[in-house]
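Report on the structure given below.
Derivation of every value follows stated rules applied to the coordinates shown; laboratory data play no part. Small disclaimer: the values here were computed from a predicted structure and weren't measured. Note: ideal-geometry Cβ built from the backbone for every residue, glycine included; neighbour counts use all protein chains shown.
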Amino acid sequence: MKVTTWNINGVKARIDSALTYLRQELPDVICLQEIKSVDEGFPAGPFEELGYNVAVHGQKGFNGVAILSKLAFDDVASRLPGDETDEQARYIEATLSVPSGAVKIASLYLPNGNPIGTEKFSYKLAWIKRLQEHARDLLKEEMPFILAGDYNVIPLPEDAKQPKAWTDDALFQPESRAAFRQIVNEGLTDAVRLCHPEPGLYTFWDYQAGAFQKDNGIRIDHLLLSPQAADRLVAAGVDSFTRAWEKPSDHVPVWVDLDI
DNA sequence: ATGGCGCGTCAAACGCGA
């Protein structure tokens, strides 16, 4: 089963690219972030024509996440527990039936957190903490699950072409990195890093300053696997070729292949 | 060395991202 995550930076601006990608790469599940659309505005039709079921948690103008799945949804939840007052659409998770049982897949869009020293940064840290607590609850179920999405965290210096340039950025703060690490420390596996220990693997290149041409990228889109999912990990990768497409998202698709 | 973009909301700049 191939599961992909992609921050598409606007589903309406990226609909043709998304459909081309799905026809070409045939993921069983794709988690989308930054759809920048309300639920009713999401162009479900073209995706359904490709055989995908669609689950959307949208918001006007900003944020917004979705899961497209060739397997039917048994259950969908679109809130990250821990803060009933949080109105930002950044999380959706679905339970799918697979031959070996059930698998849970989350599409998450972790807050950017810039600038540091503001309530935006504390919101980011609180959000990661909520995700950690949720991961802990999910782990108790001892089932395969994947927390996939745009984490807006550069875990290590080798996850950036120019780590020094990110020193004052929320994506590379010691607190951000430690909070991400604490989720991994709960017992989750960073699938892409496990399959690709070499440096120089990036998932985002800024639109400005010819960042892609210089390969001035960062790795901030991740798939964290539960132990039961990691047991079945076959391969993982980054489809950086989409960044060279016409009218690209600034993020590229990242995927895992699981033997389930 | 420096500065360089793009999307959505609206209908001109602006908020936001990373």
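Once phi is turned into θ = phi - 60°, what whole-Hz ³J(HN,Hα) does the Karplus curve with 6.51, -1.76 and 1.60 give for every residue of the stretch A:219-233, x standing for Gly and Pro?
For the stretch A:219-233, the Karplus curve yields 9, 10, 9, 9, 10, 9, 10, 5, x, 6, 7, 4, 4, 9, 5 Hz.
Would you give the gap between the C-alpha center of the stretch A:99-168 and the C-alpha center of the stretch A:211-232, rounded to a whole Å?
Cα centres, the stretch A:99-168 to the stretch A:211-232: 11 Å.
How many Å³ per residue does the convex hull of the Cα positions in chain A occupy?
119 Å³
Beyond a 20 Å Cα-Cα separation, which of these cross-linked pairs lie in this structure: A:K2/A:K104; A:K120/A:K140; A:K164/A:K247; A:K2/A:K70?
Violating the 20 Å limit, Cα to Cα: A:K120/A:K140; A:K164/A:K247.
For a quick check of your reading of the filter: which trypsin sites (Lys or Arg not before Pro) in the stretch A:130-230 sit in a DSSP loop and have no more than 13 other Cβ atoms within 10 Å?
Passing sites in the stretch A:130-230 are A:K140, A:K214.
Which lysines have a Cα lying under 16 Å from the Cα of A:K36, excluding residues fewer than 8 positions away in the same chain?
The qualifying lysines are A:K12, A:K60.
To the nearest 0.05, what FRET efficiency results for A:S97 and A:H196 with a Förster distance of 45 Å applied to their C-beta separation? Don't skip to the answer; put the middle values down first.
On the way: r = 30 Å, r/R0 = 0.67.
Plugging the Cβ-Cβ distance into 1/(1 + (r/R0)^6) gives 0.90.
Arrange the following residues from fewest to most other Cβ atoms within 10 Å of their Cβ: A:I260, A:I183. It would help to have the intermediate numbers written out before the result.
Numbers: A:I260 19, A:I183 23.
The order, fewest Cβ neighbours first, is A:I260, A:I183.
Once you have a ≥ b ≥ c as the square roots of the Cα gyration tensor eigenvalues for the stretch A:85-143, tell me rounded if a/c is under 1.5, and otherwise prolate or oblate according to whether a/b is larger than b/c.
Verdict is prolate for the stretch A:85-143.
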